[in-house]
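Enquirer: Here it is, the structure, as C-alpha cells.
Taken together, the values in this text are just the output of simple stated rules run on the coordinates, not laboratory data. Being a predicted model, the structure only gives us computed values, none of them experimental. Note: ideal-geometry Cβ built from the backbone for every residue, glycine included; neighbour counts use all protein chains shown.
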Amino acid sequence: MAVDEMNTNPFKGKIGLVRIRKAFRYSLDGLASAYRHESAFRQEVWLGMVMVAVAVLLPADLVQMALLLASVLLVLVTELLNSAVEAVVDRVSAERHALAKRAKDMGSAAVFISLANCVIVWGLVLADIFTD
C-alpha cells in the first residue's frame with residue numbers, strides 16, 4: 001500500500017498554507033470555546049495574564065523569564081487537555097462509569113500537577129531573584 005493511501009482521510013483534504021490557515025482557525029475556535037464554556041480556564045487565563053505582566057516586570061534573566069512564562073503556559077495547556085477529555089467523556093455517556101471517573105480524575109490530577117509545577121517554579125525563581 002502506498003504512503004498516500006495509508007494517510008488518506010476524507011476530513012483532511014487541504015494541504016500547504018490552506019491547511020495551516022485552517023489549523024490556526026481551529027486552534028482559535030478551541031481557545032474561544034474553552035474560554036466561553038470553562039470557568040477554570042477563564043480564571044487561569046486571567047491569573048496567567050497577571051503573572052505574565054509580573055514576570056515581565058521582574059529583574060529576571062532570560063532563562064528565569066522562560067521558566068516563569070512556560071510554567072504559566074503549561075497550566076493553560078493542561079487545562080485545555082483536561083477540558084477536552086471531560087467533553088469527550090460527557091459526549092460518550094452521561095451515566096456514571098468507573099472508567100469515565102478515572103479519565104476525569106486523571107485530567108484533574110494533570111491540572112493539579114501543572115499548578116504545583118507553576119508554584120514551585122515561581123517560588124524558586126523569585127527566591128533566586130530576591131536572595132542575591
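Enquirer: Could you go through region 55-63 in sequence order and give the Karplus-derived ³J(HN,Hα) for each residue, using 6.51 cos²θ - 1.76 cosθ + 1.60 with θ = phi - 60°, rounded to whole Hz, and x for Gly and Pro?
Expert: 4, 5, 7, 6, x, 9, 7, 5, 5
Enquirer: Can you tell which of Leu115, Leu57, Tyr35 lies farthest toward the positive end of the dipole of the chain, using +1 and -1 charges on the Cβ of basic and acidic side chains (Lys, Arg; Asp, Glu)?
Expert: Of the listed residues, the answer is Tyr35.
Enquirer: If you don't mind, another one. Separation between the Leu74 and Arg42 pseudo-spin-labels, each 7 Å from Cα along Cα→Cβ, expressed in nm?
Expert: A separation of 2.8 nm, rounded to one decimal place.
Enquirer: Among Phe41, Phe24, Phe112, which one moves the most in a GNM of the chain with springs linking Cα atoms closer than 10 Å?
Expert: Phe24
Enquirer: Can you tell me the length gained on complete extension of the stretch Ile120 to Leu81, counting 0.36 nm per residue apart and subtracting the Cα distance? Write out the running numbers ahead of the final one.
Expert: Values: separation 39, 0.36 × 39 = 14.04 nm, distance 2.15 nm.
11.9 nm is the gain from fully extending Ile120 to Leu81.
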